[in-house]
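> Just passing along the structure, written as structure tokens.
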Amino acid sequence: MQQYVNVSIDGAIVKAQKGASVLDTAIEYGICIPHLCHVPNLSDIGACRLCVVEHVVNGRSRITASCTLNVEEGMTILANTEKIRRLRRNLAELLVAQAPNSRAIQDIAMRCGVTEVRYPFRNEDCVLCGRCVRVCSDVWRANAIGFVGRGKDRHVEFPFSIRPDFCKHCENCRQLCPMTITPCPGPMTSGNERLCGGCESQRMTNDDYPGSCVWCKLGENFGCGRYSGNQTR
Amino acid sequence: MSRLNSFRELEHLRERLINQRKSITTTVMVCGGTGCQASQSRKVIDALQNELSKQRLEGQIRLCVTGCHGFCEQGPVMIIEPDNLFYCHLTAEDVLDIVSQTLIKGKVIQRLLYTDPVSGKKIEKVANIPFYQMQDRQILSQNLMVDPCSIEDYIVAGGYSALAKVLKGTSPEEVVKDINDSVLRGRGGGGFPTGRKWAECREAPGKEKYVICNADEGDPGAYMDRCVLEGNPHLVIEGMMIGAWAVGANKGYVYVRNEYPLAVEHTRVAVNQAREMGLLGNNILGSALSFDIDIARGGGAFVCGESTALMASIEGKVGEPRAKDVHAVVDGLFHKPTVLNNVETWANVPFIMLKGPSWFSTKGTARSKGTKILALTGQIKNTGLVEVEMGTPINTILHDIGGGSVSGKQIKAVQIGGPSGGCLPSSKFDLPIDYDILTEAGSMVGSGGMVVLDENSCMVDVAKYFLTFLQDESCGKCLPCRVGIDRMLEIVNEITEGKGKLGQLELLEDLADTVSQTSLCGLGKTAPNPVLTTLQYFRDEYETHIREKRCPAGVCKALIKYYIDPEKCTGCGVCMRGCPQKAITGVKKELILSIQPCVRNAEFAEVNANLKRLE
């Protein structure tokens, strides 16, 4: 039998499935916590940290990623405080400065309220969200790609840089990659990167409630939890 | 060696060994720790061994190659008991004199004695040397007495008696209570109460539990865990056995970095010796405890000192941290309840069990008890390992024990706690070594590394150094740590290169706060500390770099400007010949030389030296 626990997210008491993550529960109830590395049905690693929330324990709030935090009875979660919004905006700013050449990343930046980027753009091809690596290992059990290197040198690679026999050519890695969605005006060339801000319509209409889901088009393409019914398994 | 099957057999062995050693009149303890080995102590030891066997003195004089004595600055060092004589800066040539003069005739060799830099007097006895006098050496004092590769030495020194005492009549609950009462806190950095950790692990469901000793010490300028493990591995093993008894584990791991070959070797020898004697294995000393230890060698990643990354590494996975929302005491190694403690924490356990928790808790401050080993490095006279009571003011450590700065200049700051700690300015030197007080000041006790910086150090450069280290050591799993540290380094680099802009300090602070709050593991959460503390206490230096494009300490190469002082220039032309960029023009022997802006590079520093010579 399914067991449930009561969790308070931003003041709303919701019934959550035992063992589910806070992020999954929030999405299920339409409380959108921005996220990038989380994909439904894949294991969560907490890499992008965009889904940070405040977890209040005995009056003291602890900041942690909601995708790796499992629900517990009586838990209090604050996903939309001033502090969280600021941290999330800073993280999205780092992200978009690193890889502006993706509509998915640009949109996340927009939704997190980034209006200016204070760092020089880098135009990298990968944000190391690990969606591809996890779909390969979790869904297909192929382990044909993985992370190689440490820190700045970390990148996604085939074993010894050669496509192995056990790669099933499923192309799921490509489908889930946020970098494959090009910005609307076309790819940005090196030196011409910018915060596009073209998708103003995707922006939260009221700054007081940026957590509410607007069923953005991005989510559909991007495997947002709300569209998980259409998700390729 | 025969297997010890009961407590009585252990006591018998101890008595027998003590009786055997009655004929020994003199013990010569030479440091074989890494610090002294770097100063060629191996040669001294070999020469001494040769000389002793040549003169057939082995029966009366025992040569004991010990672990680190702590006074690495004076290495190689030697202590001769029972006279408590201290010889330092030894070479192989001194050995003949030591044997013929001191060991046979009992004369003191003046030239090998330690000279007190303050009074200029020679000091004969260890007990009178200020460096040792001011310390409270509990763990390190054992380092002097035992040969790390000899379990007999350890047993003679009273080793494994704490274990016997615990196994004989203390229930696991009582052990946990004792550790709890002692208020021992984790020595690795976090300062989490060890007793609470043990209690939580003991209560966690599951039959299979683990204890781990974290010896993956990678902070720049810290080496206390290394010296304890190298100098006295049995002490750590004994602590782990007591821990295993308390939490109900029967398997332990010592995770030691492979860059510590001596520590790996000594631990391996010690574990094998303990196994042979039946101190590891099934039904230890006839009790209900069955426990064994494996050694896991780390591949040299700083992040593997983080508990979850360390466990992943032992499991054979990539050494990356994972989310710690469920603690390791419930879901740790192989998803079993696990207690992970630092080397120094484990080393404290046998003392607490032997002397009682109240003995331990009388030392220290209200919330930090016992002693702490600190590694004094940097611009300080007495480099070495220092063990002081918790609550000792930083000033005492720097000036009374450390002897002040090498250059004689004022000590400007001290970086406590390695890359995760912070820089404290001289105005904070009256603060005591205390977990909570240092954390409040923006720094932390951490593992205990103290890097001393004098007036010649540029604080922006220090921040840059630690950021470079952390950027290199970040595993790259989470965004704030991987990109955030990189961006912080980018900004600091710009500042040191004279490209800094005014708003960048605020950006740096904002970014540092984001990184520390949102990072996945302890590495990222503490990574901004060096930047935040230098910004807090030395903001003016950052501002001078940005506004005046000047480095007050003259460290940041891009900001050094050279000029020729027309009053002092004699027109010798040395500088002209020395400059690879041909930036100095003029006619030799005429008093007019001019300098042009040029590419400032490393070679240019030589020209600077020439210019100074002219002056």
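The values are calculated or read from the model by the stated rules, or taken from the named source; none is laboratory data. Only a predicted model underlies this, so the values are computations on that prediction, with no experimental measurement involved. FYI the Cβ positions are ideal-geometry reconstructions off the backbone, even for glycines, and counts take in every protein chain you see.
> From B:ALA244, B:ALA249, B:ALA274, which residue is more than 14 Å from every other protein chain (Cβ to nearest Cβ), at pLDDT 90 or above, surrounded by 19 or more Cβ atoms within 10 Å (Cβ to Cβ) and part of a loop (DSSP other than H, G, I, E, B)?
B:ALA249
> Within the stretch A:70-90, how many residues are modelled with pLDDT under 90 and within 11 Å of chain B (Cβ to nearest Cβ)?
Residues that pass the stated criteria total 0.
> Now, a different point. Show me the helices (runs of 4 or more DSSP H) found entirely inside the stretch B:119-176 where at least 1 residues are among the polar types (S, T, N, Q) and over 25 Å from the mean Cα position of the chain (by Cα).
Helices (runs of 4 or more DSSP H) meeting the threshold: B:161-169.
> With the requirement that a residue be in a loop (DSSP other than H, G, I, E, B) and among the polar types (S, T, N, Q), what does the stretch A:130-151 give you?
Listed by number, the list holds a single entry, A:ASN143.
> Additional query: Looking only at the stretch B:306-329, how many residues end up being under 25 Å from A:ARG62 (Cα atoms) and part of a helix (DSSP H, G or I)?
6
> Which members of the stretch B:2-49 meet the condition of being crowded, with 18+ Cβ neighbours inside 10 Å, in contact with a Gly (Cβ under 8 Å, 6 or more places away or on another chain) and either within 30 Å of B:ASN382 (Cβ to Cβ) or aromatic (Phe, Trp, Tyr) (or both)?
Listed by number, the residues that qualify are B:PHE7, B:CYS31, B:GLY32, B:GLY33, B:GLY35, B:CYS36, B:SER39, B:SER41, B:ILE45.
> For the stretch A:105-129, give me the residue count where each residue is more than 14 Å from chain B (Cβ to nearest Cβ), part of a loop (DSSP other than H, G, I, E, B) and more than 24 Å from B:GLU509 (Cα to Cα).
The qualifying residues number 1.
> So, in the stretch B:519-552, exactly how many residues are part of a loop (DSSP other than H, G, I, E, B) and without any contact (Cβ under 8 Å) to a residue 12 or more places away in the chain?
Count: 1.
> Let me confirm something: among A:LEU95, A:LEU36, which residue is at the interface with chain B (Cβ under 9 Å from one of its Cβ atoms) and at pLDDT below 90?
Answer to the check: A:LEU36.
> Taking the criterion of being within 21 Å of the chain's Cα centre (by Cα) and acidic (Asp, Glu), would at least one residue in the stretch B:497-518 satisfy it?
Checked against the condition, which is being within 21 Å of the chain's Cα centre (by Cα) and acidic (Asp, Glu), the stretch B:497-518 yields no hits at all.
> Within the stretch A:87-96, track down each residue that is in contact with a helix residue (DSSP H, G or I) (Cβ under 8 Å, 6 or more places away or on another chain) and more than 15 Å from A:CYS129 (Cα to Cα).
A:LEU87, A:ASN90, A:GLU93
> Ok, one more. Cβ-Cβ distance below 8 Å, separation of 6 or more or different chains: which pairs start in the stretch A:21-50 with a residue that is within 18 Å of A:VAL139 (Cβ to Cβ) and end on one that is at pLDDT below 85 and hydroxyl-bearing (Ser, Thr, Tyr)?
Once the first residue is within 18 Å of A:VAL139 (Cβ to Cβ) and sits in the stretch A:21-50, its partners that are at pLDDT below 85 and hydroxyl-bearing (Ser, Thr, Tyr) give A:PRO40/A:SER228; A:ASN41/A:SER228.
> So for the stretch B:457-474 (the condition being outside any helix (DSSP H, G or I), among the polar types (S, T, N, Q), within 28 Å of B:LYS372 (Cβ to Cβ) and more than 7 Å from chain A (Cβ to nearest Cβ)), does at least one residue qualify?
Among the residues of the stretch B:457-474, at least one is outside any helix (DSSP H, G or I), among the polar types (S, T, N, Q), within 28 Å of B:LYS372 (Cβ to Cβ) and more than 7 Å from chain A (Cβ to nearest Cβ), which makes the answer yes.
> Now, a different point. Among the residues of the stretch B:30-42, are any over 20 Å from B:TYR223 (Cβ atoms) and outside the structural domain of B:ILE284 (by TED's automatic domain parsing)?
No, because not a single residue in the stretch B:30-42 is over 20 Å from B:TYR223 (Cβ atoms) and outside the structural domain of B:ILE284 (by TED's automatic domain parsing).
> Which numbered condition in (1) within 16 Å of B:PRO321 (Cα to Cα); (2) among the basic types (Lys, Arg); (3) part of a helix (DSSP H, G or I) is the only one that B:ARG487 fails?
(1)
> While we're on this one: Which ones in the stretch A:71-104 are in a strand (DSSP E or B) and surrounded by fewer than 22 Cβ atoms within 10 Å (Cβ to Cβ)?
A:MET75, A:THR76, A:LEU78
> Among the residues of the stretch B:419-442, which ones are closer than 20 Å to B:VAL460 by Cα, outside any loop (DSSP other than H, G, I, E, B) and among the hydrophobic types (A, V, I, L, M, F, W, C)?
Of everything in the stretch B:419-442, those that are closer than 20 Å to B:VAL460 by Cα, outside any loop (DSSP other than H, G, I, E, B) and among the hydrophobic types (A, V, I, L, M, F, W, C) turn out to be B:CYS423, B:LEU424.
> Would you check if there is a residue in the stretch B:50-60 being surrounded by 24 or more Cβ atoms within 10 Å (Cβ to Cβ) and polar (S, T, N, Q)?
No, that holds for no residue.
> Okay, next question. Return yes when B:LYS324 is within 14 Å of another protein chain (Cβ to nearest Cβ) and either within 20 Å of the chain's Cα centre (by Cα) or more than 24 Å from B:PRO205 (Cα to Cα) (or both) and no when it is not.
No: the conditions fail for B:LYS324.
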